[in-house]
Amino acid sequence: MHPDDWVPLAEVARPHGVKGELRLRLFNATSDVLLGQEEVLVRMPEGEEHEVSVERARRADDAILMKLFSVDDRNRAEDLRGAHICVRRRDFPEAEPGEFYAIDVVGSEARLAGERVGVVAELITYPSIEVLLIHADDGKGDWEVPLTEMFIGRVDVPNKVVELVTLDDIERTPRRKEKPKKEDPKASGEGGEGPA
């Protein structure tokens, strides 16, 4: 992913109050990346996009309340319901050692004992665990590989490789249909979405 690509981090859930503040549903409930942004991209459900300055943002339990310049009343805030709020990849804080952003491993080669077995399609968060969805190269379905040391040996973000320890005890699931991706006309690299 190119550093200038826009990455969706939240969806506008609803207006908050009468002065245009937005309640955002975060794709990663623990992420604070949106709190320090001066500018975001608002991507409407129909695909229209606007770069907008952020007046203020604050935490509200598992959501973020954000006030954008030019959104000054409840009606305008209501018009943004369902829009994605995006941040440039370069504006993410550096990941801690041993950690990575999901957006950086999507598209990575999955290897078992040095042999390629598939490609990381997405990170899925369940109530009790996060898993990497891996599309198997043989086309016989997908694996949902838990993000634990028992299954994931090494994640090499720069080289786009995820080394698996084992696939034992992981049943294949029917291949998920991929969601159509809206290309970002401003992005010079590959497009794509995913949780951060």
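In segment 23-38 there is at least one residue matching the filter, namely being within 17 Å of the chain's Cα centre (by Cα) and of a type in the set (Ser, Thr, Tyr).
Residues are listed down the side, and each one gets a yes or a no for (1) outside the structural domain of Pro15 (by TED's automatic domain parsing); (2) at negative phi; (3) surrounded by fewer than 11 Cβ atoms within 10 Å (Cβ to Cβ); (4) in contact with a strand residue (DSSP E or B) (Cβ under 9 Å, 6 or more places away or on another chain):
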{"position": "Asn75", "(1), (2), (3), (4)": "no, yes, no, yes"}
{"position": "Val120", "(1), (2), (3), (4)": "yes, yes, no, yes"}
{"position": "Ile124", "(1), (2), (3), (4)": "yes, yes, no, yes"}
{"position": "Pro127", "(1), (2), (3), (4)": "yes, yes, yes, no"}
{"position": "Trp143", "(1), (2), (3), (4)": "yes, yes, no, yes"}
{"position": "Pro146", "(1), (2), (3), (4)": "yes, yes, no, yes"}
{"position": "Ile152", "(1), (2), (3), (4)": "yes, yes, no, yes"}
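Contact annotation: residue pairs with Cβ atoms under 9 Å, 6 or more positions apart or on different chains, pairing a residue in segment 90-102 that is under 15 Å from Trp6 (Cα atoms) with a partner that is of a type in the set (A, V, I, L, M) and at pLDDT below 90, are Phe92/Ile103; Phe92/Ala196; Tyr101/Ala95; Tyr101/Ala196; Ala102/Leu123; Ala102/Ala196. Checked against (1) at pLDDT below 90; (2) surrounded by 15 or more Cβ atoms within 10 Å (Cβ to Cβ), Val165 meets all criteria but (1). Within segment 40-72, take every residue that is outside any strand (DSSP E or B) and closer than 23 Å to Arg90 by Cα and give me the one that is modelled with the lowest pLDDT. The residue in question is Gly47. Can Glu55 be described as over 16 Å from the mean Cα position of the chain (by Cα) and within 14 Å of Val12 (Cβ to Cβ)? So Glu55 does not fit the description; no. So which residues in segment 114-134 are over 15 Å from Asp156 (Cα atoms), outside any strand (DSSP E or B) and not β-branched (Val, Ile, Thr), if there are any at all? Within segment 114-134, Tyr126, Pro127, Ser128 qualify. With respect to the numbered conditions (1) outside any loop (DSSP other than H, G, I, E, B); (2) more than 20 Å from Ile124 (Cα to Cα); (3) of a type in the set (Lys, Arg), which one is the sole condition not fulfilled by Arg25? If we test Arg25 against (1) outside any loop (DSSP other than H, G, I, E, B); (2) more than 20 Å from Ile124 (Cα to Cα); (3) of a type in the set (Lys, Arg), just (2) comes out false.
For segment 79-91, the criterion of being closer than 18 Å to Val155 by Cβ and either of a type outside the set (A, V, I, L, M, F, W, C) or crowded, with 20+ Cβ neighbours inside 10 Å (or both) is met by at least one residue.
Considering (1) of a type outside the set (Phe, Trp, Tyr); (2) closer than 26 Å to Ile124 by Cβ; (3) in a loop (DSSP other than H, G, I, E, B), the lone condition that Lys19 does not fulfil carries the number (2).
When you check Val157 against the structure, is it out of contact with any Cys (no Cβ under 9 Å at 6 or more places or on another chain) and surrounded by fewer than 19 Cβ atoms within 10 Å (Cβ to Cβ), yes or no? Against the criterion (out of contact with any Cys (no Cβ under 9 Å at 6 or more places or on another chain) and surrounded by fewer than 19 Cβ atoms within 10 Å (Cβ to Cβ)), Val157 qualifies.
Selection of segment 168-191 for residues being more than 23 Å from Leu41 (Cβ to Cβ), at pLDDT below 75 and exposed (fewer than 10 other Cβ atoms within 10 Å of the Cβ) yields only Lys177. In segment 92-104, of all residues being buried (at least 17 other Cβ atoms within 10 Å of the Cβ) and under 15 Å from Leu34 (Cβ atoms), the one that is nearest to the chain's Cα centre (by Cα) corresponds to Ile103. Taken over segment 116-128, the residue count meeting the criterion of being over 15 Å from the mean Cα position of the chain (by Cα) and at pLDDT below 95 is 2.
The values are calculated or read from the model by the stated rules, or taken from the named source; none is laboratory data. These numbers come from a predicted model, not from an experiment. In this analysis, Cβ positions are derived from the backbone assuming ideal geometry, glycine residues included, and neighbour counts consider all displayed protein chains.
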